[in-house]
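Everything below concerns the one structure shown next.
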There are 2 protein chains.
Amino acid sequence: MAKRKPPERANQRYRTRKDLIDAAGRLMKNGHKPSLEEVAAAARVSRATAYRYFPNVEALLAEAPLDAGAPDWDALFAGDGSTDPEERVDRAEAAMHRLVYDNEAAIRLMLSATLARAAGENADETVPYRQNRRTPLIDAALAPARTRFKKGSYGRLRTALAMIFGSESMVVFRDVLRLDETVARDVKSWAVRALVRAALAESRAR
Amino acid sequence: MAKRKPPERANQRYRTRKDLIDAAGRLMKNGHKPSLEEVAAAARVSRATAYRYFPNVEALLAEAPLDAGAPDWDALFAGDGSTDPEERVDRAEAAMHRLVYDNEAAIRLMLSATLARAAGENADETVPYRQNRRTPLIDAALAPARTRFKKGSYGRLRTALAMIFGSESMVVFRDVLRLDETVARDVKSWAVRALVRAALAESRAR
DNA sequence: CTTGACACGAGACGATCGTCTCATTATACG
DNA sequence: CGTATAATGAGACGATCGTCTCGTGTCAAG
């Protein structure tokens with residue numbers, strides 16, 4: 001008789017799960033929404049097994065583009081010792097901007113999948129698990145000037161910047177405003193700089 | 001023999017289309033994603049007819065919550081003669097905030113539907129038709145102080161505000177940051193005020 | 001090596017999707 | 001009031017979804 005506490009075949013499970021996510025990410029590159037059967041076939045796995053790891057297609061597609069482009073933000077600020085928060089935040093936004101627009105198709109699918117999960121499955125209170133990459137990036141950009149902000153100002157600033165960073169603003173520019181990518185970048189650059197200045201000013205003031 | 005140029009039975013077509021959209025909006029209120037058959041039944045229409053008006057379920061769900069809550073923004077600024085843009089923009093954002101969070105379930109479904117359409121159907125270049133209600137509202141809020149902005153500043157400001165108004169920022173607060181609705185409102189209030197001030201300042205300056 | 005637990009494959013099942021054809025109803029012109 | 005035509009209804013079709021069961025392969029403890 002066997003006697004083990006830890007999840008039984010962790011490596012095997014980890015690999016098949018990873019294979020599925022990788023396959024999904026590969027198939028989503030061109031913007032085409034793959035069927036679960038396609039993903040399973042690409043991962044050399046049966047359809048039933050895919051459903052053993054993900055409750056539905058959306059949950060699978062939702063995790064795919066997360067592993068895709070995950071650059072190390074440290075490299076962004078490595079070479080130069082600028083401590084001007086306005087400059088650093090703007091550069092961070094530019095990097096996130098590129099990442100989002102380069103993977104636009106896959107990101108749209110991921111967004112759609114998580115939104116559907118949350119709205120349709122309101123029975124279970126499971127909020128869709130979205131990975132949060134923007135907050136660490138924002139914190140890294142603001143780190144050198146952290147002491148120049150009052151506590152409350154810093155909290156509001158990093159939250160407000162999170163609205164502008166990331167993929168959701170891309171949806172606004174593309175689908176609602178129908179504005180060019182370069183216009184989007186310009187406006188976001190102006191906005192993040194204005195917000196950083198505002199937070200600095202109110203921290204200096206009173 | 002008949003001889004008519006205009007689209008043949010405009011009234012009939014208009015009513016069935018409206019019935020479908022209304023039925024969809026009604027069924028989406030509780031956050032459950034209705035099947036096309038459910039919507040068709042609720043609209044007292046056959047499934048085939050529903051597909052004659054909308055290419056797929058997503059296109060139908062995408063238009064549903066748009067007609068739902070469509071208050072007249074004029075009433076917002078009617079009673080008082082304040083011309084302070086900061087104050088008016090903040091009040092406009094509060095109204096939009098209420099609208100979005102009151103119809104959260106339906107709006108999430110609409111967002112998911114339009115995003116899926118755009119990503120999956122990249123073959124046809126049809127960008128998903130999202131109605132734009134926020135820009136008119138922003139313009140109305142800024143109208144009394146329009147002359148105080150330089151041309152370029154005004155354009156950037158109204159675009160930046162469009163990122164914060166509307167439903168996409170709700171997604172950021174809920175799914176990514178997992179922040180309360182009241183926190184969201186506070187941060188957005190701070191951000192829109194800061195942006196208005198920044199646009200005013202740079203318009204005064206040079 | 002043996003053996004039991006576990007991961008996987010194969011496939012059936014009903015539900016929904018999107019497309020199609022054909023029959024029926026309703027509209028509006030003459 | 002007829003009648004041509006447009007709008008609708010009814011239903012079949014294959015594809016995909018999500019769930020289920022049953023059988024096979026495989027890992028690892030003893």
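The values are calculated or read from the model by the stated rules, or taken from the named source; none is laboratory data. In this text the structure is predicted, and so the values were computed from the model without any measurement. Neighbour counts run over all protein chains shown; Cβ positions are idealised from the backbone, glycine included.
Numerical summary
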| item | result |
| --- | --- |
| Residue within the range B:137-146 that is surrounded by 18 or more Cβ atoms within 10 Å (Cβ to Cβ), in contact (Cβ under 8 Å) with a residue 40 or more places away in the chain and facing chain A (nearest Cβ under 9 Å) present | no |
| Whichever residue in the range A:36-48 is within 13 Å of A:THR16 (Cα to Cα) and either buried (at least 16 other Cβ atoms within 10 Å of the Cβ) or within 8 Å of DNA strand D (Cβ to nearest atom) (or both) and, among such residues, is farthest from the other protein chains (Cβ to nearest Cβ) | A:ALA48 |
| The listed residue being surrounded by fewer than 16 Cβ atoms within 10 Å (Cβ to Cβ), within 14 Å of another protein chain (Cβ to nearest Cβ) and at pLDDT below 90, out of B:LYS29, B:LYS33 | B:LYS29 |
| Residue check for B:ARG17: surrounded by fewer than 16 Cβ atoms within 10 Å (Cβ to Cβ), farther than 23 Å from B:ASP102 by Cβ and not hydroxyl-bearing (Ser, Thr, Tyr) | no |
| Spans of helices (runs of 4 or more DSSP H) in the range A:45-159 with at least 1 residues modelled with pLDDT under 90, under 26 Å from A:TYR14 (Cα atoms) and within 16 Å of DNA strand C (Cβ to nearest atom) | A:57-68, A:104-120 |
